[in-house]
Every structure is written in structure tokens, then in C-alpha cells.
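Student: Sharing a structure below in C-alpha cells format, with a few things to ask.
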Amino acid sequence: MPVRSLLFMVSVLLASGLVHGRLTDRWGPSRLLSEAGAQLADLPEDIAGWKATHVEVSPHVQKIAGAANIISREYRSPAGDDAVRIMIVCGRPGPVSLHPPTVCFTSRGLRQVGNVETVRWERGEFARCVFADPSAETRFTTYWGWSSDGTRWTAPDQPRFAFAHHPRLYKLYILTAVDTLEGLPAGRREFVEALLSALDWVLL
């Protein structure tokens, strides 16, 4: 093989390796991604009077999720008679776009109840599905969606392709007691709207 051709092939391989390394964070998260992940900690612990309790996320879970950061909290209503659990993941679009609840929940023994529906709120759309925990004989509703900037949320059928060109991706889970497609109860709906507004401000 001519030396010129060999050098060209080597340069192509090196370039592709650099691109792949950046896409997969082979050398650690980029500064932009690290800063975006750190912003999650700025989410208020009091949102519309709902107070947060932190839920620990192990480094192992964060590594599996391919995340720069994950926060998980349970917010309780002012009267203390209702609760909403949230989890927000920030990372590269590739890994963050994977593992929707229909995959990761069911792989842990939870049972999907009914089909996934799409709900549309002022700040975007979310997927919605009910899951059952056979061991506790309980059911809960989960909403989830993705956003490239934290301001507009969507739930595309193929999120990996929809967000592939973005440098970062957020995934939001909202878990509540079972509700109906007609809408969240007023108190929860007000909290969720306030939560999305807070994320808009924190992540912008």
C-alpha cells in the first residue's frame, strides 16, 4: 500500500476515534455536559409549597444510565396528604434516550397496565402509563419525556434518533398515585406546571 494511502487511512481512523470518544465520553464528560448536569442541583426544594425529600441515587445507577448527573426527589403537598416523585437525568443523547419505563420498570418485575398514551401540557408532551407492583399490590402512574434544553418536553417514538444531534439531553420522570387521562388532580397539576416552570428557569 502506498505510504500516502496508508497515512490517509490512519488519519481517518484517528479522526473517527476522536469523534467516537467524544460521543461516548471515553475521556470523561465534556465541560458543557458537566455544567449542564450540575445545574440540576439548583432545582428548588420548595416548589409551589411542595417540599422535597432527596432520594439517593447510587453511582452504579448513574453509571448504567450513562448520566452526567441524576437527581431524584419526592415532593409532598403543603397539607402532607399527597406526593409526587420525580427523577431528572442529564447526559449524552445516546444513553439518556434509552430505557423508558416500559423497558426498565418491567425488567425489574413491575407490570405495565394498559397502553402508553400521550398527554399534552402547556410546556410540551409526555408519555403516560400505569404500572403495577405485584409484590405490594399497588399501582402508580408514570409520565416521562425528553428535552434538549429543559424548556420544551417531547415524547417521540424514537428519541435516540430525534435527539442524536444535540450535545446533551434531559429525561424527566414524574411518578404519582394512579390518575386518569382526563388529567391530574388539581393540586398535582399545579405542582407539575410549577415544576416545569422551575426547570425552564434552572436549565435555560
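A short reminder: the numbers here are calculations on the coordinates, not readings from a lab. It should be emphasised that the depicted structure is a prediction, and the values quoted were computed from it without experimental measurement. With ideal geometry, Cβ positions are generated from the backbone for all residues, glycine too; neighbour counts draw on all protein chains shown.
Student: Sticking with the crude label model, points 7 Å out along Cα→Cβ, report the distance from Asp133 to Asp42 in nm, one decimal please.
Tutor: Going from the Asp133 label point to the Asp42 one covers 3.4 nm.
Student: Let me ask something additional. Taking 45 Å as R0, compute the FRET efficiency from the Cβ-Cβ separation of Ser107 and Leu204 and round it to 0.05.
Tutor: Taking R0 as 45 Å, the efficiency between Ser107 and Leu204 is 0.85.
Student: Residues of region 50-67 with the amide nitrogen closer than 17 Å to a label point 7 Å from the Cα of Leu98, along Cα-to-Cβ, please.
Tutor: 60-67
Student: Test of understanding: what is the full-extension gain from Arg189 to Phe161, defined as 0.36 nm times their sequence separation minus their Cα-Cα distance?
Tutor: 7.1 nm
Student: Quick check: from the Cα gyration tensor, does region 29-203 come out rounded (a/c under 1.5), prolate or oblate?
Tutor: Rounded, because the longest to shortest axis ratio a/c is under 1.5.
Student: Same structure, new question: Given contacts defined as C-alpha pairs under 8 Å and at least six residues apart, what's the relative contact order of region 84-136, whole-number percent?
Tutor: Averaging sequence separation for qualifying contacts and normalising by length gives 27 percent for region 84-136.
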